[in-house]
Each structure stands twice: as structure tokens, then as C-alpha cells.
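Notes to accompany the following structure.
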Amino acid sequence: MTLNIRVIAPDKTVWDAQAEEIILPSSTGQLGILKGHVPLLTALDIGVMRVRIDKEWQPIILLGGFAEVDNNNITILVNGAEETSNLKMDKAQNNLQEAMKAMETAETNKDKIEATRNLRKARARIQALNVLNN
């Protein structure tokens, strides 16, 4: 284990462990981090954080925030996070369909923003389940 990773949400510490590698959903795309990475501060998007521990990938859904990398310590401050242990593919697919329908019918800017956020969450859940199933 080479990276110390802490994921902190407003109400609790979601993750506090060591890992070999992490892939973050940064606002500019997927960002992979290994031991010895240069110091970095990046914005995070809604998406799946993947953590590799003992050659196994574990996904966690992040709901946006920031990550700081410094001296093999990664501190991630998020708006929220979702564990993947309770996710079921059929429910996630139904949520994705509902989110797509809501996106099509959204009329006001507020409704469109909320529908876009829900669609991104639904896609992240499907992506996390795909990581677990591979």
C-alpha cells in the first residue's frame, strides 16, 4: 500500500484507507494517481472513484468536490458519496431510464439542472456496478 486516501463528506468520513492506485472523476476527465504523483489540486465531477487495493478495484460514487494530492496523501472533500454495496443493476437501470425521461421533459432551467444532476448520478451508479462486475 502506498497512497493514503481520505474521502470526507459534510456529515462523515466516507473512506480512510491505503491503496496502490486511485482514479478520480475530475472535471477535466479521469485522473489516475500512483505513488510519487506531483502535488495537485483538482475539482471533481459527479462520477466513480476507483481505488485499487491488492489488485482489486473498489468503486465509490462521488457527488462532486475537490481532491488534493500531496506527498502520497490524497484528501478528497466531496458534496456527498454513495457506497456501492447496496446497488442493484435492475434498480440502477430503472433510475437511469427515469432520469433520461425527466431530462426530456424538463422545462425550466432549475428542472434542467436537477435532471442533469440526476442523470449523471444514475450513470455513475451503472458505471460503479460495471466496475464491481468485472
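FYI, it's all coordinate maths here, none of it is from the lab. Computed from a predicted model, the values in this text were never measured in an experiment. Cβ atoms come from the backbone with ideal geometry, glycine included; neighbour counts cover every protein chain shown.
Structure notes:
- Under 14 Å from the D11 label point (7 Å along Cα→beta-carbon), backbone N, segment 64-88: 79-83
- For segment 3-82, the calculated P(r), taken from all Cα-Cα distances in 10 Å bins from zero up to the bin holding the longest distance, is 21, 61, 19, 0 percent.
- Restricting attention to the chain, the count of lysine pairs at 8 or more positions apart or across chains with alpha carbons under 21 Å apart stands at 11.
- For the chain, calculated [θ]222 nm from helices alone, where every DSSP H run of n ≥ 4 adds -39500 (n - 2.57): -11000 deg cm²/dmol
- Taken along its principal axes, the alpha carbon cloud of the chain reaches lengths of 47, 31, 27 Å, longest axis first.
- Dipole of segment 89-133, positive direction: furthest Cα of A122, A106, N95, with charges on the beta-carbon: A122
- On Cα atoms only, tilt of 89-105 relative to the major axis of the chain in degrees: 60 degrees
- Take the Cα of H37, step 7 Å toward its Cβ, do the same at K110, and the gap between the two points is 3.7 nm.
- With semi-axes defined as the square roots of five times the eigenvalues of the C-alpha gyration tensor, the equivalent ellipsoid of segment 89-133 measures 23, 10, 5 Å, largest first.
- The mean sequence separation of alpha-carbon pairs under 8 Å and at least six residues apart, normalised by the residue count of segment 3-82, gives a relative contact order of 32 percent.
- Packing-based order for 63-70, 111-118, 28-35, using average beta carbon neighbours within 10 Å, highest first: 63-70, 111-118, 28-35
- The mean sequence separation of alpha-carbon pairs under 8 Å and at least six residues apart, normalised by the residue count of the chain, gives a relative contact order of 22 percent.
- Dipole moment magnitude, nearest 20 debye, the chain about Cα centre, only Lys, Arg, Asp, Glu C-beta charged: 200 debye
- When the charge dipole of the chain is built from unit charges on Cβ atoms (+1 for Lys and Arg, -1 for Asp and Glu) and taken about the Cα centre, the candidate among G64, I22, V131 whose Cα reaches farthest toward its positive end is V131.
- Calculated FRET value between S27 and E68, using beta carbons and R₀ = 22 Å, to 0.05: 0.95
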